[in-house]
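Throughout, read-outs are computed from the coordinates displayed, never taken from laboratory work. A quick note: this is a predicted structure, and the numbers were derived from the prediction, not measured. Here the Cβ positions follow ideal geometry from the backbone for every residue, glycine too, while neighbour counts run over all protein chains shown.
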């Protein structure tokens with residue numbers, strides 16, 4: 001039976017999470033949360049979304065993928081202001097039985113393994129996006145190497161050309 005599961009993450013940078021999801025091919029809908037917002041305001045900002053069986057949830061970031069049950073379902077990220085991180089909400093059954101699940105070899109995995117692998121993949125893309133946000137391409141040379149489930153980023157400051165004036 002299909003149902004949503006909650007997965008505790010280390011995802012804590014909303015802009016990096018959105019960029020990481022987009023890098024994975026997700027269409028993202030996000031609510032802007034500010035530090036001044038009360039818990040009540042944060043809860044009121046939640047967006048409703050559903051899986052293909054009509055189960056519904058509420059979250060602050062909703063991600064849909066054309067290969068995730070033909071875009072009929074989504075994964076969500078609910079902000080936990082106390083823990084200062086997002087909780088991933090997903091339906092492992094639907095992930096397993098979608099084209100997305102087939103692409104990432106999730107089809108033979110149990111629910112717990114799907115949640116762990118999806119969380120690791122999201123964490124990797126979130127962290128990559130956070131680094132790229134902190135080190136802008138116009139100031140740094142960034143080389144990326146991907147080997148299986150690992151990304152290595154090498155970041156070096158770009159050489160700044162100095163203008164030297166001379167009097168003739």
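Computed over Cα pairs, the Kirkwood radius of the stretch 70-126 leads via Stokes-Einstein (0.890 mPa s, 25 °C) to a diffusion coefficient of 203 µm² per second.
Between helix 14-23 and the chain there is an angle of about 80 degrees, using the helix long axis and the longest principal axis of the Cα atoms. Comparing 56, 38, 98 in a Gaussian network model of the chain where C-alpha atoms under 10 Å apart are linked, the largest mean-square fluctuation is found at 38.
Under 15 Å from a label point set 7 Å out along the Cα-to-Cβ vector of residue 156, the amide N atoms of the stretch 128-146 belong to 139-145. Here the stretch 1-96 was treated as a single set of alpha-carbon atoms; its pair distances binned every 5 Å from 0 give 3, 14, 25, 26, 19, 10, 4, 1 percent.
Please determine, in degrees from 0 to 90 and to the nearest 10, the orientation of helix 111-134 with respect to the longest principal axis defined by the Cα atoms of the chain, where the helix direction is its Cα long axis. Rounded to the nearest ten degrees, it is 20. Taking a point 7 Å from the Cα of residue 82 along the Cα-to-Cβ direction, the residues of the stretch 31-45 with backbone N closer than 16 Å to it are 38-43.
For the stretch 58-94, the residues whose amide N sits under 13 Å from a probe point set 7 Å from the Cα of residue 133 along the beta carbon direction are 85-86. Treating each Cα of the chain as an identical point scatterer and ignoring solvent, apply the Debye formula and state log10 I(q)/I(0) at q = 0.10, 0.14, 0.16, 0.18 Å⁻¹. Result of the Debye calculation: -0.44, -0.76, -0.96, -1.15. Annotation for residue 10 and residue 144: the two label points, set 7 Å from Cα along the Cα-Cβ direction, are 2.0 nm apart.
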